[in-house]
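S.K.: Next up is a structure, given as structure tokens.
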Amino acid sequence: MPRVPMPEGPQFQPGGNAPQGRLAAPEASDIGQRQVMALGGAMQEFGASLGGIARDMQAQADELRVTDALNQVKESALTLQHDNDSGYLRVRGKDTFDRPDGTEFYGGQLANAAGDIAGTLGNDRQRAAFMKHASNILTTFRGGVQEHEAKEYQTYQLSVSDGVVSTALRDVSLNWNNPDAVDAAIERIRSE
């Protein structure tokens, strides 16, 4: 039977055909540095998120404060409009024109109230947002005062016209025997 050759002694030769690779453990300082950098990045993200939350909370607080201030201005406008003693809707006919600065009087009072309320706000962002919306309320309010004055002017004009006709008719009935007075009264009625 054939025989299988068996090596005798060590068959390894230094510097021979074996690969010369070397195994190296990673350096510990490199791992620590990467971990610190990752932690730093995570902390930055956390800080940015925390800053965003703080900004959102401040924006909500500003919005809430502005809304409260605008409600105060609207309350002032409603009082100047409907108050039993001083509301402009309570002023009728000729009394509307006894105040030569009607629109400016009521609009000025509301503007003063808005200025006082703006002074109670906590920062410039709140004041800027408030004034933007308050100016719309003031414009609408002044328009309402002018509309009321125009309507009352028409009412007053019709009242005066009715008064002229009534007075002329009374003049005719009381001076029926005076043709000049009757003619003058009839002319007043025609011209009216």
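S.K.: Output the residues belonging to segment 150-163 that are in contact (Cβ under 8 Å) with a residue 12 or more places away in the chain and open to solvent by less than 40 Å² (accessible area, probe 1.4 Å). Give the derivation first.
M.R.: Pass one, segment 150-163, residues in contact (Cβ under 8 Å) with a residue 12 or more places away in the chain: 152-153, 155-156, 159, 161.
GLU152, SER161 - these are the residues of segment 150-163 that are in contact (Cβ under 8 Å) with a residue 12 or more places away in the chain and open to solvent by less than 40 Å² (accessible area, probe 1.4 Å).
S.K.: Okay, moving on. (1) open to solvent by 90 Å² or more (accessible area, probe 1.4 Å); (2) modelled with pLDDT under 70; (3) more than 35 Å from the chain's Cα centre (by Cα): which one isn't true of VAL4, the others all being true?
M.R.: Only one criterion in (1) open to solvent by 90 Å² or more (accessible area, probe 1.4 Å); (2) modelled with pLDDT under 70; (3) more than 35 Å from the chain's Cα centre (by Cα) is unmet by VAL4, namely (2).
S.K.: Could you run through segment 39-66 and say how many residues are of a type in the set (S, T, N, Q) and either modelled with pLDDT under 80 or open to solvent by less than 70 Å² (accessible area, probe 1.4 Å) (or both)? Give the steps one after another, and end with the answer.
M.R.: In the first step, residues of segment 39-66 are kept if they are of a type in the set (S, T, N, Q); the result is 44, 49, 58, 60.
Subsequent filtering for residues that are either modelled with pLDDT under 80 or open to solvent by less than 70 Å² (accessible area, probe 1.4 Å) (or both) retains 49.
Going through segment 39-66 one residue at a time, the tally reaches 1.
S.K.: Let me ask another. What pairs come out if I take residues in segment 178-192 that are on the phi < 0 side of the Ramachandran plot and pair them with residues that are open to solvent by 90 Å² or more (accessible area, probe 1.4 Å) whose C-beta lies under 7 Å away, six or more apart or interchain?
M.R.: VAL182/TRP176
The values are calculated or read from the model by the stated rules, or taken from the named source; none is laboratory data. Treat the numbers as computed from the prediction; the structure is a model and nothing was measured. Counting neighbours? That spans all protein chains shown, and the Cβs are built from the backbone with ideal geometry, glycine included. Note: accessible area is taken over every heavy atom of the protein model, side chains too, but ligands, DNA and RNA are not part of it. Shrake-Rupley method; radii C 1.70, N 1.55, O 1.52, S 1.80 Å.
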